[in-house]
1. What's the FRET efficiency of residue 54 with residue 1 using the Cβ-Cβ distance as r and R₀ = 22 Å, to the nearest 0.05?
2. Quickly rank 49-55, 26-32 as a protection proxy: mean count of other C-beta atoms within 10 Å, highest first.
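Taken together, the values in this text are just the output of simple stated rules run on the coordinates, not laboratory data. What you see is a predicted model; the values in this text were computed from it and never measured. A quick note on method: Cβ atoms are made from the backbone with ideal geometry, for glycine too, and the neighbour counts reach across all protein chains shown.
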Amino acid sequence: MIRIALALLIATPAFAADEPPHTGVAGSRSMPEFSDLALAAVAAGGIWFVRSRMRARFRRRSED
C-alpha cells in the first residue's frame, strides 16, 4: 500500500504538467462536477455500510 501511495506522489507532477496554467479567472458553474457527485455517493455508501455493520453488531450482542 505504501508503494502505491509513493508511486502516486511521484507521478502527480507528471499528470499536472499536461494542463495549461491557471489564468486566475474563476469560471461559472451551472451544475456540480462529476467528482462532487462521486464524492457524495462514496460518502453515502460509507455511511450506509458502517450503519449496517453497527446494526449487525448490536443485533448479535443483544442475542447473547
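1. Numbers: r = 26 Å, r/R0 = 1.16.
For R0 = 22 Å, the calculated efficiency reads 0.30.
2. Details: 49-55: 10.0, 26-32: 6.7.
Highest to lowest by the protection proxy: 49-55, 26-32.
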